[in-house]
Amino acid sequence: IRDWVGRSNWGGRWGWAVITSDWAAMPVVIYWTAGIALQLGGPDVSLGTIVAFVSLQQGLFRPAVSLLSTGVQIQTSLALFQRIFEYLDLPVDITEREDPVRLDHVKGEVRFEGVEFRYDDRGRPVLDGIDITVPAGSSLAVVGPTGAGKSTLGHLVPRLYDVTGGRVTLDGVDVRDLDFDTLARAVGVVSQETYLFHASVAENLRFAKPDATDAELEEAARAAQIHDHIAALPDGYDTVVGERGHRFSGGEKQRLAIARTILRDPPVLVLDEATSALDTRTEAAVQEAIDALSADRTTITIAHRLSTVRDADRIVVLDSGRLAEQGTHEELLERDGRYAALVRRDARLEPTK
Ligand SMILES: Nc1ncnc2c1ncn2[C@@H]1O[C@H](COP(=O)(O)OP(=O)(O)O)[C@@H](O)[C@H]1O
Ligand SMILES: [Mg+2]
């Protein structure tokens, strides 16, 4: 990238520099030659004429410079455009198959069947031999060390990536066979990265459900623990979000994103360490919002802190892309394996819990 910016900046600037300095040196040359010519008693030119000539030449300089810099801008843009087109020309990995399956009512059973995934054809698989069934309406918690493949597992459900082996199914249908619309309506993702638009709070929420009434917006915002905050702003729901508008904090933006997901009402929810970047007090508020969101949905929670996973219907421990353990909180404590060790470590870190 640095290379490209460099090229785009240098593009055309060389010619620019040469011409500008020539032009700046011109009066000196003219006065000098004119001076010598006059002293030698050369052509009959008055000093006034020479001064007028130099001003004329300088007057021409300005428009010439604008023309030149336009040239430079065009070259800069071309260099960047070329880069953009390169991106647009990249092959799209995820495509909707011809004649895809459309589900009008998704119950929300998610199943990983012998899933293998690699980011790189030659590299080691990031996920290998993953078999998990998440019954509709139940909750699955995924725990494990950083780099174990938890986020990757979560990304396979909304088809941000396609499996390289095995399959992921939704209500028994391979997600690769579903039409994009079904998949988009069925799976909601809440992660640390929230995407809000430079538009009002209401518009940001309506993005999820264009025909939502004001009452519905408020209800979703209340469930997401953000209504009181929005209502206290001078412009309320008309407050503009973003750089030039009101700057919401990370936790507030996240609760707005959760309110949006509540409006969208997807039967399957993937929560990827949604609260791990927040301070304890904000985390409690966001967690409450997430609990409201998770009720009656299939929920796959990727959790950093174990305090949030103990109530899950099923817990899986992922390690280096493989399932190390799975069971309920009690079963896994009983087993006294990886999960039990993680719980002990957490208890040491957070003695109050
Ligand atoms: N976009 C990517 N391209 C290549 N490798 C990746 C990509 N995303 C993650 N990885 C690698 O895959 C492994 C699992 O990552 P991830 O699923 O993010 O783990 P976790 O969420 O458990 O911390 C890591 O080794 C990581 O470096
Ligand atoms: Mg992760």
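The values are calculated or read from the model by the stated rules, or taken from the named source; none is laboratory data. In this text, all values refer to a predicted model and were calculated from it rather than measured experimentally. Cβ: placed from backbone, ideal geometry, glycine included. Neighbour counts: every protein chain shown. With ligands, DNA and RNA removed, areas are computed over all heavy atoms of the protein, side chains included. Shrake-Rupley method; radii C 1.70, N 1.55, O 1.52, S 1.80 Å.
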So which residues in the stretch 301-353 are within 16 Å of ligand 2 (Cβ to nearest atom), part of a loop (DSSP other than H, G, I, E, B), surrounded by fewer than 19 Cβ atoms within 10 Å (Cβ to Cβ) and at pLDDT 90 or above?
SER320
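Anything in the stretch 153-195 that is within 16 Å of ligand 1 (Cβ to nearest atom) and open to solvent by less than 10 Å² (accessible area, probe 1.4 Å)? List them, or say none. Please lay out each step first, then the result.
Applying the first criterion (within 16 Å of ligand 1 (Cβ to nearest atom)) to the stretch 153-195 yields 153-165, 168, 189-193.
Across the stretch 153-195, the qualifying residues are LEU153, GLY154, LEU156, VAL157, VAL168, VAL190.
Is it the case that some residue within the stretch 248-264 is free of Cβ contacts under 8 Å to residues at least 24 places away in the same chain and out of contact with any strand residue (DSSP E or B) (no Cβ under 6 Å at 6 or more places or on another chain)?
Here is the first cut: in the stretch 248-264, the ones free of Cβ contacts under 8 Å to residues at least 24 places away in the same chain are none.
No, the stretch 248-264 contains no residue that is free of Cβ contacts under 8 Å to residues at least 24 places away in the same chain and out of contact with any strand residue (DSSP E or B) (no Cβ under 6 Å at 6 or more places or on another chain).
Suppose the filter is in contact with a Ser or Thr (Cβ under 9 Å, 6 or more places away or on another chain) and either away from ligand 2 (no atom under 16 Å from the Cβ) or among the aliphatic types (A, V, I, L, M) (or both); does ALA295 pass it? Please lay out each step first, then the result.
Details: in contact with a Ser or Thr (Cβ under 9 Å, 6 or more places away or on another chain): no; either away from ligand 2 (no atom under 16 Å from the Cβ) or among the aliphatic types (A, V, I, L, M) (or both): yes.
No, not satisfied.
If you take the residues in the stretch 118-152 that are assigned to a helix (DSSP H, G or I) and in contact with an Asp or Glu (Cβ under 9 Å, 6 or more places away or on another chain), which one is least open to solvent (accessible area, probe 1.4 Å)?
First, pick out the residues of the stretch 118-152 that are assigned to a helix (DSSP H, G or I): 150-152.
Still in the list and also in contact with an Asp or Glu (Cβ under 9 Å, 6 or more places away or on another chain): 150-151.
Details: LYS150: 16, SER151: 48 Å².
Across the stretch 118-152, the extreme among qualifying residues is LYS150.
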With criteria (1) open to solvent by less than 40 Å² (accessible area, probe 1.4 Å); (2) modelled with pLDDT of 85 or more, ASP228 comes up short on (1)
Would you be able to say whether some residue in the stretch 288-300 is under 16 Å from SER200 (Cβ atoms), in a loop (DSSP other than H, G, I, E, B) and not charged (D, E, K, R)?
no
Which of the following residues is exposed (fewer than 15 other Cβ atoms within 10 Å of the Cβ) and either under 30 Å from SER21 (Cβ atoms) or away from ligand 2 (no atom under 16 Å from the Cβ) (or both): THR76, THR49?
THR49
